[in-house]
Amino acid sequence: MTALPPEIDSWFAAKGWHPHPHQLEMLARGGDPATLLVAPTGGGKTLAGFLPTLVELTENPRKGLHTLYISPLKALAADMRRNLTGPIAEMGLPIRVEDRSGDTTQARKKAQRADPPEILLTTPESLALLLSYEDAPRVFANLERVVVDEVHALAESKRGDQLMLCLARLQTLRPDLRRVGLSATVEDPPALSRFFMAGGCPVLTADPGPDPDIAMLTTTAPPPWSGGGAAYAIPDVLEEVKKHKTTLIFHNTRAQAEIFFHNLWLANDEGLPIGIHHGSLALDQRKKVEAAMVAGDLRAIVCTGTLDLGLDWGDVDLVVQVGAPKNVKRLVQRIGRANHRYNAPSRALLVPANRWEVIECQAALEAVLARDLDGDPRGPGPRDVLCQHILIAACSAPFDADALFAEVTRAGPYAALTRAQFDECLDFVATGGYALRAYDRWQRLKQRADGLWQLRDPRATQLIRMNIGTIQDTDTLKVRMRQNRKQLGEVEEGFAASLTPGDTFLIGGRIVRFESLKEMFVDVSHDRGRKPKIAVFAGSKFATSTQLSERILRLIHRVDLTALPAHTREWIGLQREVSHLPQAGRILVESFPHYGRAQTVIYGFAGRGAMQTLGLLLTRRMEEAGLGPLGFVATDYATLIWGLHPVEEPAFLFSRQDLVDALEGWLSENALMKRSFKAVANIAGLTPRNFPGTRASGRQATFSSAILYDTLRKYDPNHLLLDITREEAMRGLIDFGRIEEMLDRTDARVDHVITDRVTPFAAPLFLEAGRVPVEGAGREALIQAEAEALMREAGLA
Amino acid sequence: MNTYRFTFRDATLDFLPSGALHWPDEGLLCVSDLHLGRSERYARRAGALLPPYEARETLTRLQADIDATAATTVICLGDSFDDDAAAAGLDEPVALWIARLMAGRRWVWIEGNHDPGPVELGGTHRDALTLGPLTFRHIATADAVGEVSGHYHPKARIAGRARPCLLADRQRLILPAYGTYTGGLRSTDPALTALMAADARAVLTGPRPVPIPMPR
């Protein structure tokens, strides 16, 4: 075991602390080229990551950048600076620690490049930007270690892919660079280590600690049949808040957090201090809540995934998850937010928002106690990120294609990239990669006589640097008070466009009245006592994971259902009597008349995205079969389709080849594809989001990426970006993989139940929001009707 | 073709789904803001390399409108080219295509702010053109009567979808941009609300042109 230097040892002693075994083990492995540490929340991961740096710099003080720390959150980097500077000062160590992010001033950033601190705390995007400068080799000349925090979270997005490319770049600059990854508990640590380092690296797993104290909240009122608000549970949640010091109340979407917070306030007779925190709130609003939280001034915080990561929130002793957790791994990580102390059980309560979620919550908490985590394997590194990386490389210096290819394949996500794929990306960046070779004179990259690639026009660096990163914000507009211009937060542009003056919506827990849309601002005023329209935030709608869906299917078939509340047991029993219980190995289809329409319910248990896609595909098949489908709605478990004529024999709907063909045909016009394309085109550098000059003028100069998509499909259907878009949509928004998994598991065996009325499991579907009309002639008819009404109203008809 | 027929200063006009304006009595077709060569200009200025197909896409639609209306006069209402260099640098198939479209009919290029100079493609070059009750120019003027202009790329939103649109009141018409790679300016923008009278209409492009009160 490595002994601690006296300064550090006596600091631990003075605090009365002992390093955890895994912290000492990390120190012992300090010289290894790469280690992935997997430890539960509150396991002192970050100290474990920094301890070798502190020891090295204590034993051999030196100037220049020694350790780079990268976290997915700006706030985490800033927080870490505070957490490190205190102990470093107390230990009397000669170590300078600074953070760097988009919020750092230009002057400060310049100074950091000229004279880097020993420890620099930053984000993946800021690192990519640092690497785009010509002086990157000098800035990183003495770099010894990289510590990447929250690797599990980074691995779930393109930000992680970009970071791994940047680490490969750093490793080229510093071949002896050592890297440490810090991760929360994940289902497959070796796979994560292969993401972190091509070929994988040793994994150190810390003691996972005691089982959490987790249960479903017992409520006085039963949950409703449908919906996601969980308003029924407000009094019981409030009781729990009173019983605990500090409670985090997690929601899956921002809109749900807003509504819940609003209702919680209405019921909060004792005036308990309760705050709200989510990604659409103005920065200073969020900071205020964070500060109050750290100071222990708040009894509860209603929040979303923004509080999933890192920051030490002080004395949280209860986590409440409202709505089904959808994914066991995330639930475990959230639960860890309570009792942020090593080896103390975390206390958590699940609050299902409706009947289906009662079953899902029970299945999830059983999975948590069985330590059975879920997760989907990662696909190969996305090529749009690689295109951006090639641009960044060209910004920093002329490059050799062979060397860059070799470097890229040393990044875990790109280890299997072929040379042909790389060359295709390079060609796209250099010439646009079009079948029509139109840009010979104006190539973006030129190959010089010595074979190196460089930017044709050095002025291009500004535009490229302004657009570094892979985070895709939906287009949002700032919301501000009309009187004092105080900013409250953001709403999606589409939502803002749907507002007419006088409409009300919730933001930051208060009701505001829409006044006007001016330039890039939504001007609002206070409004009391009205029922608000709801802000449609970008909050992601997760799909229930494959593993959790399997558990749910097993759970409902149990002989002994006593784990579930009585109302849910009765509901399941009734479904068994009236129809069938869905099974993993068969597709259950129910047909019955309701509301004067022929209703068809397909229980596929493939997650929301896939069930939504299935709705699109099946209505297309039904249209062809002359069944006159009018619309559908999808949940994580089932798709409900209504139309003019009943489905007599549903087996024809599930032919794999037909579904694949329908997908191909339907893909071309699909809005989901266009949304995927928009992100791909942004990241790959085809449609920059930011332009030199003001944001507004930049936006006016742009045109819809949907037009580019249509043009490419028509004139260049094999273009690289269309290929990337297809690959991405199939995995992401369209989630065709889960449909295929459903077909594999059921082998298209269909049980068809025909009844004369709505079945118990189908009933909640009729209350489900998010009904999708079948597109086509219907859309035009809708526009015509609305236009005529408007003209009549204006006296112009 | 589904067109929107209306009377403007005693002229009977058809607004076409594509965004072109047809004056049947004069055999005249008017299109605005083609912005040909936009992708080339972006590339030249070290911006992104956009799919270089927008000129053919724009000309395909223009050809279809000319064929459908059998127009004998075509007016391009300015900003036909993204800049003068783009006009000079058209690739050969596109230049030939334009020449084929121009053959056998009167063709008027109105100057725009993007393309002030004359182009080498033949046809007539004017800063404005008056025909009967109508005056064609690129940018609307404050007190004009019977004016047909472009420049602003107006668009309007209905049922959650924004589409390029024609703006029309008793004094003037403002045509949408016809070019494929052209963004739009909401009709609610002060530049447009200041120009258009209170009772102005917006006619949206699309499978069937749709008139609505101009959103402001």
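The values are calculated or read from the model by the stated rules, or taken from the named source; none is laboratory data. Everything numeric here is computed off the predicted structure, so don't read it as measured data. Methodologically, a virtual Cβ is constructed for each residue, glycine included, from the backbone with ideal geometry; neighbour enumeration extends over all protein chains shown.
Okay, here's what the table says:
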| quantity | calculated |
| --- | --- |
| Complete set of residues in segment A:405-437 that are outside any helix (DSSP H, G or I) and more than 27 Å from the chain's Cα centre (by Cα) | A:Thr418, A:Gly432, A:Gly433, A:Tyr434, A:Ala435, A:Leu436, A:Arg437 |
| Residue tally, condition in contact (Cβ under 8 Å) with a residue 60 or more places away in the chain and in contact with a helix residue (DSSP H, G or I) (Cβ under 7 Å, 6 or more places away or on another chain), over segment A:618-636 | 6 |
| Subset of segment A:56-83 (residues that are surrounded by fewer than 19 Cβ atoms within 10 Å (Cβ to Cβ), of a type in the set (Gly, Ala, Ser) and part of a loop (DSSP other than H, G, I, E, B)) | A:Gly64 |
| Filter result (outside any loop (DSSP other than H, G, I, E, B) and either away from every other protein chain (no Cβ under 12 Å) or touching a Ser or Thr at 6+ places or on another chain (Cβ under 8 Å) (or both)) within segment B:36-54 | B:Leu36, B:Arg38, B:Glu54 |
| Residue list for segment A:433-452, filter: in contact (Cβ under 8 Å) with a residue 12 or more places away in the chain, at the interface with another protein chain (Cβ under 9 Å from one of its Cβ atoms) and of a type in the set (Gly, Ala, Ser) | A:Gly433 |
| Condition met for B:Tyr152 (buried (at least 20 other Cβ atoms within 10 Å of the Cβ), touching a Lys or Arg at 6+ places or on another chain (Cβ under 6 Å), part of a loop (DSSP other than H, G, I, E, B) and within 11 Å of another protein chain (Cβ to nearest Cβ)) | no |
| Condition broken by B:Leu101, with the remaining ones in (1) within 13 Å of chain A (Cβ to nearest Cβ); (2) farther than 28 Å from A:Asp427 by Cα; (3) not in a loop (DSSP other than H, G, I, E, B) satisfied | (1) |
| Total residues in segment B:164-183, condition facing chain A (nearest Cβ under 10 Å) and crowded, with 20+ Cβ neighbours inside 10 Å | 5 |
| Selection within segment A:31-43 - modelled with pLDDT under 95 and either in a helix (DSSP H, G or I) or surrounded by fewer than 18 Cβ atoms within 10 Å (Cβ to Cβ) (or both) | A:Gly31 |
| Breaking point among (1) part of a helix (DSSP H, G or I); (2) more than 13 Å from every other protein chain (Cβ to nearest Cβ), for A:Phe495 | (2) |
| Some residue of segment B:32-44 being at pLDDT 95 or above and surrounded by fewer than 21 Cβ atoms within 10 Å (Cβ to Cβ) | no |
| Restricting segment A:703-750 to residues that are in a loop (DSSP other than H, G, I, E, B) and either among the polar types (S, T, N, Q) or within 11 Å of chain B (Cβ to nearest Cβ) (or both), the residue that is farthest from A:Phe542 (Cα to Cα) | A:Asp716 |
| Selection count, segment B:54-77, where residues are surrounded by 15 or more Cβ atoms within 10 Å (Cβ to Cβ) and either free of Cβ contacts under 8 Å to residues at least 12 places away in the same chain or more than 30 Å from A:Asp457 (Cα to Cα) (or both) | 13 |
| Condition broken by A:Val479, with the remaining ones in (1) away from every other protein chain (no Cβ under 13 Å); (2) more than 30 Å from A:Gly509 (Cα to Cα) satisfied | (2) |
| Contacts under 6 angstrom Cβ, first residue in segment B:104-132 being free of Cβ contacts under 8 Å to residues at least 12 places away in the same chain, partner part of a strand (DSSP E or B), 6 or more apart | B:Pro118/B:His125 |
| Options A:Leu365, A:Leu391, A:Leu349: the member that is under 24 Å from A:Ser183 (Cβ atoms) and either more than 25 Å from the chain's Cα centre (by Cα) or buried (at least 20 other Cβ atoms within 10 Å of the Cβ) (or both) | A:Leu365 |
| Filtered residues of segment B:189-214 (kept if in a loop (DSSP other than H, G, I, E, B) and under 26 Å from B:Asp82 (Cβ atoms)) | B:Asp189, B:Thr205, B:Gly206 |
| Of all residues making up segment A:84-119, the number that are outside any loop (DSSP other than H, G, I, E, B) and buried (at least 18 other Cβ atoms within 10 Å of the Cβ) | 9 |
| Conditions (1) touching a Lys or Arg at 6+ places or on another chain (Cβ under 9 Å); (2) within 30 Å of B:Ala55 (Cα to Cα); (3) at pLDDT 95 or above; (4) away from chain B (no Cβ under 11 Å): number failed by A:Met466 | (3) |
| Qualifying residue in segment A:375-384 (condition: within 30 Å of A:Val316 (Cα to Cα), part of a loop (DSSP other than H, G, I, E, B) and assigned by TED's automatic domain parsing to the domain that holds A:Ala257) | no |
| Given (1) surrounded by 23 or more Cβ atoms within 10 Å (Cβ to Cβ); (2) aliphatic (A, V, I, L, M); (3) at pLDDT below 95, number of the condition A:Leu386 does not satisfy | (3) |
